[in-house]
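A.B. asks: Got a structure for you, written out below as structure tokens; questions coming shortly.
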Amino acid sequence: MIEMVKQAKEKGYKLFISPHYFYPHDHKWQFGGAGEHMMLEQQMFARKSQYEPVEEGSGADFIEELKPYLDENTIISSPHKIFGPESNDLALQLRKNGIDTVILGGMNGNLCSDSHMRELVESGFNVVVATDAIGAPGQEAMDAALTNFGFIADQVMTTEKVLEQLS
């Protein structure tokens, strides 16, 4: 994923990030699925407040390798809460920036990446999944994601192939 971001930035492409944050008020939800409960209990993506910066090194912070590429051409949407971008402004940000094709990379392929792919396709975007720019918590989860990507995304390819097309 880092190599794809690096080369895309060098070529002048914008980077759109759909972050996953949980705030203290999210811990008061009255219901939720097993994945939600697990993320909340483990303090994944936890932030102390939406009014303060992300704590460096916290689960809500960007990985160090990505930080050099966060610049004026990086658009960070409002956070998504569970898996997909339905509850944030990612689609709006993409449209307002004239984007119709999304190259998708990210973590948790069978949940967040899959959900983002589905919603973006349903919202009329061309979605290209860079398979080796997707992470998953184990091979079974990755296999599930790859199966769904193959049925739903416009294209599924390696980062190397994506970068060839960006040239």
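A.B. asks: Just name the residue that is surrounded by the fewest Cβ atoms within 10 Å (Cβ to Cβ) out of those in region 22-42 that are under 21 Å from Ser115 (Cα atoms) and either touching a residue at least 60 places away in the same chain (Cβ under 8 Å) or of a type in the set (Asp, Glu) (or both).
C.D. replies: Gly35
A.B. asks: Can I ask one more? Residues of region 135-149 being within 27 Å of Lys11 (Cα to Cα) and modelled with pLDDT of 95 or more, which ones?
C.D. replies: Listed by number, the list holds a single entry, Phe149.
A.B. asks: Right, here's the next one. So Ser58 fits all but one of (1) farther than 16 Å from Leu15 by Cα; (2) surrounded by fewer than 18 Cβ atoms within 10 Å (Cβ to Cβ); (3) under 16 Å from the mean Cα position of the chain (by Cα); what number is the exception?
C.D. replies: Status for Ser58: all satisfied but (3).
A.B. asks: A further question on this structure: Does at least one position in region 130-138 carry a residue that is out of contact with any helix residue (DSSP H, G or I) (no Cβ under 7 Å at 6 or more places or on another chain) and either outside any loop (DSSP other than H, G, I, E, B) or crowded, with 19+ Cβ neighbours inside 10 Å (or both)?
C.D. replies: Within region 130-138, none of the residues are out of contact with any helix residue (DSSP H, G or I) (no Cβ under 7 Å at 6 or more places or on another chain) and either outside any loop (DSSP other than H, G, I, E, B) or crowded, with 19+ Cβ neighbours inside 10 Å (or both).
A.B. asks: Related question: Report every pair of residues separated by at least 6 positions or lying on different chains whose Cβ atoms are under 9 Å apart, first residue within region 43-70 and at positive phi, second aromatic (Phe, Trp, Tyr).
C.D. replies: Sorted first by the residue in region 43-70, then by its partner, the pairs are Gln43/Phe22; Phe45/Tyr21; Phe45/Phe22.
The values are calculated or read from the model by the stated rules, or taken from the named source; none is laboratory data. This is a predicted model, so every value here is computed, not measured. Quick reminder, even Gly has a Cβ in these numbers, built from the backbone with ideal geometry, and neighbours come from all protein chains shown.
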